[in-house]
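One structure is given here, and the rest of the page talks about it.
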Amino acid sequence: MPTTIQTDTVLTALRRLGHATNLELYAAITDQLPQLGLTSLHRITARMVERGEIGLAPSDGRQVVLDARPEAHDHFVCTVCGGILDIALPDSTIDLIQGQLGRNLVRDGIVVRGRCERCGPLGAGNTASRK
């Protein structure tokens, strides 16, 4: 499938970021493509998702988070800052989860939620809000 300079630039930036909203992606490429508007970027990323070139990451439902990896995979999501990391759960863990779910399939990607290292546990000296 033919690509454009805009599509190539978007894909390169998203691969560098790993996960990003359209607004974060726009900020990352605006110096390279100053003529590209945010609406055009939305159209480009929507087409890329539709064609399977990029994926969607788990989000809080208020915004779309793009994923440089289009294939199904597991994620860790910080419940404080919203940061997203790709993780690889071992097959033994998947088998344990599958055993509890019966016929429900779990291979569309599992999302583990908790606090990232930067946000840390709540306690003395940590004023992060509870969500």
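Considering only residues that are within 27 Å of Leu89 (Cα to Cα) and loosely packed, with under 13 Cβ neighbours inside 10 Å, which ones fall in segment 25-50?
The one that is within 27 Å of Leu89 (Cα to Cα) and loosely packed, with under 13 Cβ neighbours inside 10 Å: Glu50.
Identify, please: which residue in segment 1-11 is of a type in the set (S, T, N, Q) and either free of Cβ contacts under 8 Å to residues at least 12 places away in the same chain or assigned to a loop (DSSP other than H, G, I, E, B) (or both) and is, among those, surrounded by the most Cβ atoms within 10 Å (Cβ to Cβ)?
If we take residues in segment 1-11 being of a type in the set (S, T, N, Q) and either free of Cβ contacts under 8 Å to residues at least 12 places away in the same chain or assigned to a loop (DSSP other than H, G, I, E, B) (or both), then Thr3 is surrounded by the most Cβ atoms within 10 Å (Cβ to Cβ).
Where a number appears in this text, it was derived from the coordinates with a stated rule and is not lab data. Because the structure is predicted, anything quoted here is derived from the model rather than measured. Backbone-built Cβ (ideal geometry, glycine too); neighbour counts: all protein chains shown.
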